[in-house]
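The values are calculated or read from the model by the stated rules, or taken from the named source; none is laboratory data. Here the structure is a predicted model, which means the values were calculated and not measured. Virtual Cβ from ideal backbone geometry, glycine too; neighbours counted across all protein chains shown. In case anyone asks, the SASA skips ligands and DNA or RNA and just uses the protein heavy atoms, side chains included. Shrake-Rupley method; radii C 1.70, N 1.55, O 1.52, S 1.80 Å.
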Amino acid sequence: MESRSGTPAPAVTTAVAPPARPSPVRPGWRGAWHGVRPTERLCHVTGAVLVLSGLAHLVVFALDGGPWDGPVSWRKPVTFGLSFGLTLIAITWVTSYLRVGTRLRSALLVVFAADCVVEVGGITLQAWRRVPSHLNMETGFDTAVSMTLAVGGGVLVVLLTVFAVASFQIRPTGPLGMPLALRSGFAILLVALASGAAMIARGVVLTRTGHQEAAYHSTAPLKPLHGVSLHAVLVLPALAWLLSHTPWSYRTRRQVIQAAVGCYAAAVLGAGVWAALTW
């Protein structure tokens, strides 16, 4: 097109906006669940069933009543169901940050899940039979259950120690603070394993020497230490994961994790001092 003067008119250009970038599609919880390995899915489901078992026996306790403390009570299937279920879920999750072979990790997790089921199942069975679950040598069946639980405890110690050693051999992956949280959690977990082994060892000695009632009550001083240190491997990594979803600076998040580790270690130390004074 030309102007009246004979010179071509400048071309009119229209600015075209670039196409909008599609927003990233974030998979929902169903997509994330389908992305979980079959072994991990099995362990998560098993842990959830154990937790539900503990909650169900809390209802049984509310309806049936009876003592909360002592070797024969509904407390044991409640606390063991909750503790083993949460621990199984936690170990399945946190070990995904460890640099362990896939096949080895899957095999260890399957054995760990089976052992958790055996422990909670034996304790629950004896609770319904209204007899002590641990250190009970009254009959042949009770002895078999008690020894099974003791052997299962030994298997737990071995498996969790393997994971703890792996966390210190090679630096774990994960967001800022996760390596410190994992290593601290596993280190404190070793305290729980040691205190549990000490409870079993002392109880067995008292039982073998004819002090059955004393054996049942001998574990009381170490129970707070065992309970507090058992769940550090869940609490500390969960805190690191939550902090990774905050807008806080790296420095602030690191300081929060370090403070949390210090507070948890102080709590374990306090429980340890109390156990030593009342042992």
Does ALA260 satisfy the condition of being small (Gly, Ala, Ser), more than 16 Å from LEU225 (Cα to Cα) and within 18 Å of the chain's Cα centre (by Cα)?
yes
I'd like to check which helices (runs of 4 or more DSSP H) are fully inside segment 136-253 and have at least 2 residues that are without any contact (Cβ under 8 Å) to a residue 60 or more places away in the chain and either closer than 25 Å to PHE84 by Cβ or open to solvent by less than 40 Å² (accessible area, probe 1.4 Å) (or both).
140-169, 178-208, 223-230, 232-243
How many residues, within segment 99-109, are open to solvent by 70 Å² or more (accessible area, probe 1.4 Å) and either more than 25 Å from SER167 (Cα to Cα) or not polar (S, T, N, Q) (or both)?
3
Being within 29 Å of ARG171 (Cβ to Cβ) and open to solvent by 60 Å² or more (accessible area, probe 1.4 Å) is the filter; apply it to segment 61-95 and report the residue that is nearest to the chain's Cα centre (by Cα).
LEU86
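Looking at segment 118-127 only, could you name the residues that are touching a residue at least 12 places away in the same chain (Cβ under 8 Å) and either under 17 Å from GLY85 (Cβ atoms) or surrounded by fewer than 17 Cβ atoms within 10 Å (Cβ to Cβ) (or both)?
Result: VAL118, GLU119, VAL120, GLY122, ILE123, THR124, LEU125, ALA127.
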Which pairs do you get when a residue that is more than 10 Å from ILE188 (Cα to Cα), found in segment 259-273, comes within reach of a residue that is modelled with pLDDT of 95 or more and open to solvent by 30 Å² or more (accessible area, probe 1.4 Å), reach meaning Cβ atoms under 6 angstrom, with the pair 6+ apart or on two chains?
ALA260/LEU239
For the structure I just gave you, tell me whether PRO224 is at pLDDT below 95, closer than 25 Å to ALA181 by Cβ and touching a Phe, Trp or Tyr at 6+ places or on another chain (Cβ under 7 Å).
yes
Being under 30 Å from GLN212 (Cα atoms) and assigned to a helix (DSSP H, G or I) is the requirement here; does VAL94 meet it?
no
Give segment 254-272 a look and list any residue that's open to solvent by 50 Å² or more (accessible area, probe 1.4 Å) and out of contact with any helix residue (DSSP H, G or I) (no Cβ under 9 Å at 6 or more places or on another chain), or say none.
GLN255, ALA259, CYS263, ALA266, LEU269
